[in-house]
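The values are calculated or read from the model by the stated rules, or taken from the named source; none is laboratory data. Note that the coordinates shown come from a computational prediction; the quantities given were computed from them, not determined experimentally. Heads up, the Cβs are rebuilt from the backbone with ideal geometry, glycines too, and the neighbour counts pull from every protein chain shown. To get the accessible areas, we keep the full protein, side chains included, count just its heavy atoms, and leave off ligands, DNA and RNA. Shrake-Rupley method; radii C 1.70, N 1.55, O 1.52, S 1.80 Å.
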Amino acid sequence: MTNKPACLVVGRAFEMRFTSTPRGARLARRLAAHRLDTWGIPYGGGPHEAIALVVGELAANAVRHGHVSGRDFHLRLYETGAAGTVVRIEVSDTRAERTPPRPEALRAADPEDTGGRGLVIVAGLASRWGWHARSDGPGKTVWAECAATPPA
């Protein structure tokens, strides 16, 4: 099974490298939110808020768990599916030895834990998610796919 989307809508893509810092993660979320709005997925709507939150969680995880000094993380956001009904988020970092659990192995954090809820949030908002080793260098890419339109 491949994690590549079946159909890519040309012209609806955004990608950028960000510093592997909390400020870089915040900027990634803000720029992704702006891009979603320009694509017709407006601020304040359920799909916009869900996708922006997933971007924020994946970017924060790249900074917290994938940071390598002097290396950036990479965000790629694009529409897939018929008429762009799904937005795929890909966040790549350069740290290969710290990998997230596979979706089927994800466990909820203990109520006393102070962290460990980011991927649970991603799993709740995305229709599917996962990760793979980067093909263009060291590290990994964590990806998620979210509906770009509100449910009927």
*In region 61-85, which residues are modelled with pLDDT of 95 or more and among the hydrophobic types (A, V, I, L, M, F, W, C)?*
ALA62, VAL63, PHE73, LEU75, LEU77
_Which pairs turn up if I take residues in region 1-27 that are open to solvent by less than 50 Å² (accessible area, probe 1.4 Å) and look for partners that are modelled with pLDDT under 95 and among the polar types (S, T, N, Q) with beta carbon separation below 6 Å, at least 6 apart in sequence or on another chain?_
PRO5/THR80
_Filter region 36-47 down to the residues that are part of a helix (DSSP H, G or I), surrounded by fewer than 22 Cβ atoms within 10 Å (Cβ to Cβ) and either in contact (Cβ under 8 Å) with a residue 40 or more places away in the chain or out of contact with any Phe, Trp or Tyr (no Cβ under 6 Å at 6 or more places or on another chain) (or both) and list them by number._
THR38, GLY46, PRO47
*Scanning for something in contact (Cβ under 8 Å) with a residue 60 or more places away in the chain and either closer than 20 Å to ARG23 by Cα or touching an Asp or Glu at 6+ places or on another chain (Cβ under 7 Å) (or both), does region 107-118 turn up at least one residue?*
yes
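Suppose we filter region 138-152 for residues that are in contact with a Ser or Thr (Cβ under 7 Å, 6 or more places away or on another chain), of a type in the set (Gly, Ala, Ser) and closer than 19 Å to PHE73 by Cβ; how many remain? Before the answer, list the steps.
Applying the first criterion (in contact with a Ser or Thr (Cβ under 7 Å, 6 or more places away or on another chain)) to region 138-152 yields 138-141, 145-149.
After this cut, where a residue has to be of a type in the set (Gly, Ala, Ser) as well, the list is 139, 147-148.
Cutting the leftovers down to closer than 19 Å to PHE73 by Cβ gives us 139.
Here the count works out to 1.
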